[in-house]
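So the structure is just underneath, and the comments pick up after that.
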Amino acid sequence: MARLDVRKTYKLYVGGAFPRSESGYTYEVLDAKGRFVANASLASRKDARDAVVAARKAFGGWSSRTAYNRGQVLYRVAEMVEDRRPQFVAAVQQAEGLTAARAGGVVDATVDRLVWYAGWTDKLTQVVGNANPVSGPFFNLTTPEPTGVVAVLAPQASSLLGLVSTLAPVIATGNTCVVVSSYARPLPAVTLAEALATSDVPGGVVNLLTGSAATLGPWLAAHMDVNAIDLGGVVGLDGAEGSSQQLATELEVAAADNLKRVRRAPAAEPDWTAGPGLDTMTDFVELKTVWHPMGV
Amino acid sequence: MPSSATDTAVGSTGSSGTSWSDVTSSESSLRRFLHGLPGVDQVGANARAAALGTRSIKTTAKAQALDLAIRMVDLTTLEGQDTPGKVRALAAKAMRPDPTDPTCPATAAVCVYPDLVPVAVEALGDSGVHVAAVATAFPAGRAAMDVKLADTRAAVAAGAAEIDMVIDRGAFLAGRYQLVHDEIVAVKEACRRPDGTSAHLKVILETGELATYDNVRRASWLAMTAGGDFIKTSPGKVSPAATLPVTMIMLEAVRDYRAATGEIIGVKPAGGIRTTKDAIKYLVTVQEVAGPEWMDPDLFRFGASSLLNDLLLQRQKMATGRYSGPDYVTND
């Protein structure tokens, strides 16, 4: 006897829970060959608003964890992704149209990327922090501190490796984030959310919205309670080169209102397999310098 | 026995033919009257309140609702750790809730403990924002009668324009309605100033402890016949505090009381109203159940502290078209 399909409902990930979109809207997700795969929630501006509230609420706890502990948590995420390897391989294969072997390579690179950032959490301070030489009887120390709530427009093409490569450095330094996934390839992001929920990442540290970066971007860029925004996902939006550049400019202007840190959209989506530089992390930290008297 | 108790109500009894002095003259007649009130259909009340909460209030209507709600807020601080400095800060916020926007209206009142009334009075000056004081051994209401009256007199003498009193829930639940009634009457008397005017009396029913909707209706009528100017859900210290169905039942009571006597009594939900969405649900309920006359800060108030910040954030969102954040309102 034929067994009934048990189809998965792809939902948002906000504040550690998996709600449907407040608007009730969904959109059709197609695989690389244009065949229907599933309906994904179409996040609305109110979902983005709720996600910012959740991220803000989680910020105090996450940013005050020790860097060492954040490293442990990120490593745990890597373990969870590794554990669900076949599922991620299938999702990437379906979304990006890769062969099984290449999709497997992408998932391996994703896990390695998480481990790489897990190692960096308690080392970044040594590298970008400093004991500054000053002409006075003071210790003068500079340390990086998290910026706050970061809005991330995730890459449109690289649905898993690109997503993790923009997401992991943001939370590694103690920020919390609201991520808008790739519009056309959102399903690996939802699966990643499930891995995040079962690792030790506190609810609200990562909030994943599936939907249009062109729609949600302006609300997040103008949001007064968002401290920084990564515009990487603007690249290639709407196909036409001109319109995505225009959108990027509009978002930068909107972000200027409360002096958000902006990671500008590159001209083209980078090769995510290349090893990242430290700027992925240092773009979203604030350098705090303290003067402390010495001698006496 | 209550002699001056019912003068106001009786004077305007009018068409109903009910004389409150008859009703309130004895324990048994009071009980007969209160238990003769029609029972509340609990399921129906909950369903109606839920239905009223589904209205969609947008754009210009929402902008009006926001301003009205701000004008109705009794900005409250009732903590053991309240200091004169905190009260002054709260008073400044009550007068100008959003310093960046001169079109933002002031709140209705500042609500403090009696000993901080002089500080609030001085800080508010002639701004038009009233000073409300909780009295009568707030929040439990468990003290000797003369202590409660002295508490009230001291607050009025210090310049409080409004007194929030708590009823003796123990006596009410034990069925000693006369005692509760006499207490309200006595406190009302204590609200009188030497010049003959009187501080507004808000009677806190503590609906969270009254257990049933029938009791809420009875307590509302008891407070109104005893001369309360306002009936208030709860001190905001006990959970569940104000809920929409309970407020709706109280609004029905003031509506019916007006039909019977011609007198208009105010309603104040307090405690647990934290979001603009909630506040707008209450406003819809006021409009639909009591009527448009009650859409007025003199007749409907929100006892709240954190609500005001959410109202301001929504107001900023409407004015600027972008989401605001907690960095742009005061943290109090």
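The values are calculated or read from the model by the stated rules, or taken from the named source; none is laboratory data. No experiment lies behind these values; they were computed from the predicted model shown. Please note: Cβ atoms are built from the backbone with ideal geometry, for glycine as well, and neighbour counts cover all protein chains shown.
Any residue at all in region B:242-263 that is outside any helix (DSSP H, G or I), on the phi < 0 side of the Ramachandran plot and in contact with a helix residue (DSSP H, G or I) (Cβ under 6 Å, 6 or more places away or on another chain)?
No, that holds for no residue.
Is it fair to say residue A:29 is surrounded by 20 or more Cβ atoms within 10 Å (Cβ to Cβ) and closer than 25 Å to residue A:213 by Cα? Even if it seems obvious, please write down each step before you answer.
Details: surrounded by 20 or more Cβ atoms within 10 Å (Cβ to Cβ): yes; closer than 25 Å to residue A:213 by Cα: yes.
In short, yes.
Among the residues of region B:110-156, what is the count of those that are free of Cβ contacts under 8 Å to residues at least 24 places away in the same chain, closer than 24 Å to residue B:183 by Cβ and among the small types (Gly, Ala, Ser)?
Of the residues in region B:110-156, 3 are free of Cβ contacts under 8 Å to residues at least 24 places away in the same chain, closer than 24 Å to residue B:183 by Cβ and among the small types (Gly, Ala, Ser).
If residue A:208 satisfies all but one of (1) within 14 Å of chain B (Cβ to nearest Cβ); (2) buried (at least 24 other Cβ atoms within 10 Å of the Cβ); (3) of a type outside the set (D, E, K, R), what's the number of the condition it fails?
Every condition holds for residue A:208 apart from (1).
I'm trying to understand the selection: among the residues of region A:256-273, which are over 18 Å from the mean Cα position of the chain (by Cα) and not polar (S, T, N, Q)?
Within region A:256-273, A:256, A:257, A:259, A:267, A:268 qualify.
Would you tally the residues in region A:59-75 being within 14 Å of chain B (Cβ to nearest Cβ) and aliphatic (A, V, I, L, M)?
Going residue by residue through region A:59-75, those that are within 14 Å of chain B (Cβ to nearest Cβ) are A:59-60.
Still in the list and also aliphatic (A, V, I, L, M): none.
Residues in region A:59-75 being within 14 Å of chain B (Cβ to nearest Cβ) and aliphatic (A, V, I, L, M): 0 in total.
Among the numbered criteria (1) of a type outside the set (S, T, N, Q); (2) at positive phi; (3) within 14 Å of chain B (Cβ to nearest Cβ), which single criterion is violated by residue A:256?
Here residue A:256 meets the rest and fails (2).
I need a count of the residues in region B:285-304 that are touching a Ser or Thr at 6+ places or on another chain (Cβ under 8 Å) and among the aliphatic types (A, V, I, L, M).
Number satisfying all stated conditions: 1.
Okay, residues lined up against (1) β-branched (Val, Ile, Thr); (2) in contact with a strand residue (DSSP E or B) (Cβ under 7 Å, 6 or more places away or on another chain):
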{"residue": "B:73", "(1), (2)": "yes, yes"}
{"residue": "B:126", "(1), (2)": "no, no"}
{"residue": "B:145", "(1), (2)": "no, no"}
{"residue": "B:160", "(1), (2)": "no, yes"}
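Is at least one residue of region B:32-49 without any contact (Cβ under 8 Å) to a residue 60 or more places away in the chain and closer than 30 Å to residue B:104 by Cβ?
For region B:32-49, residues without any contact (Cβ under 8 Å) to a residue 60 or more places away in the chain and closer than 30 Å to residue B:104 by Cβ: absent.
In a helix (DSSP H, G or I), touching a residue at least 12 places away in the same chain (Cβ under 8 Å), more than 13 Å from every other protein chain (Cβ to nearest Cβ) and not hydrophobic (A, V, I, L, M, F, W, C) - does that describe any residue in region A:219-231?
No, because not a single residue in region A:219-231 is in a helix (DSSP H, G or I), touching a residue at least 12 places away in the same chain (Cβ under 8 Å), more than 13 Å from every other protein chain (Cβ to nearest Cβ) and not hydrophobic (A, V, I, L, M, F, W, C).
Among residues belonging to region B:93-115 that are part of a loop (DSSP other than H, G, I, E, B) and among the small types (Gly, Ala, Ser), point out the one that is surrounded by the most Cβ atoms within 10 Å (Cβ to Cβ).
The extreme case among them is B:108.
Of the residues B:108, B:135, B:123, B:92, which single one is closer than 21 Å to residue B:192 by Cβ and among the small types (Gly, Ala, Ser)? Even if it seems obvious, please write down each step before you answer.
Details: B:108 fails: closer than 21 Å to residue B:192 by Cβ; B:123 fails: closer than 21 Å to residue B:192 by Cβ; B:92 fails: closer than 21 Å to residue B:192 by Cβ.
Of B:108, B:135, B:123, B:92, the one residue that is closer than 21 Å to residue B:192 by Cβ and among the small types (Gly, Ala, Ser) is B:135.
Would you mind stating whether residue A:192 is in contact with a strand residue (DSSP E or B) (Cβ under 8 Å, 6 or more places away or on another chain), under 30 Å from residue A:78 (Cβ atoms), away from every other protein chain (no Cβ under 14 Å) and in a helix (DSSP H, G or I)?
The answer is yes for residue A:192.
Sort through B:155, B:140, B:171 and tell me the only one that's part of a loop (DSSP other than H, G, I, E, B) and either in contact with a strand residue (DSSP E or B) (Cβ under 8 Å, 6 or more places away or on another chain) or closer than 18 Å to residue B:221 by Cβ (or both). So that I can check it myself, show each step before the final result.
Working: B:155 fails: part of a loop (DSSP other than H, G, I, E, B); B:171 fails: part of a loop (DSSP other than H, G, I, E, B).
So the residue among B:155, B:140, B:171 that is part of a loop (DSSP other than H, G, I, E, B) and either in contact with a strand residue (DSSP E or B) (Cβ under 8 Å, 6 or more places away or on another chain) or closer than 18 Å to residue B:221 by Cβ (or both) is B:140.
If you go through region B:117-137 one residue at a time, how many are touching a Ser or Thr at 6+ places or on another chain (Cβ under 8 Å), part of a loop (DSSP other than H, G, I, E, B) and modelled with pLDDT under 95?
1
Quick check on this structure: which one of B:319, B:279, B:304, B:290 is of a type outside the set (Phe, Trp, Tyr) and within 14 Å of chain A (Cβ to nearest Cβ)?
Within the list B:319, B:279, B:304, B:290, the selection yields B:319.
Write out, first by first residue and then by second, each pair whose Cβ atoms fall under 9 Å of each other, whose residues are 6+ apart or on separate chains, and whose first residue, in region A:33-56, is within 14 Å of chain B (Cβ to nearest Cβ) while the second is aromatic (Phe, Trp, Tyr) and surrounded by fewer than 20 Cβ atoms within 10 Å (Cβ to Cβ).
Filtered contacts from region A:33-56: A:44/A:25.
Restricting attention to region B:322-332, report how many residues are away from chain A (no Cβ under 11 Å) and outside any loop (DSSP other than H, G, I, E, B).
Total meeting the criteria: 0.
Test residue A:290 against the stated conditions and say whether it is more than 19 Å from residue A:153 (Cα to Cα) and of a type outside the set (Asp, Glu).
Judged against the criteria, residue A:290 is a match.
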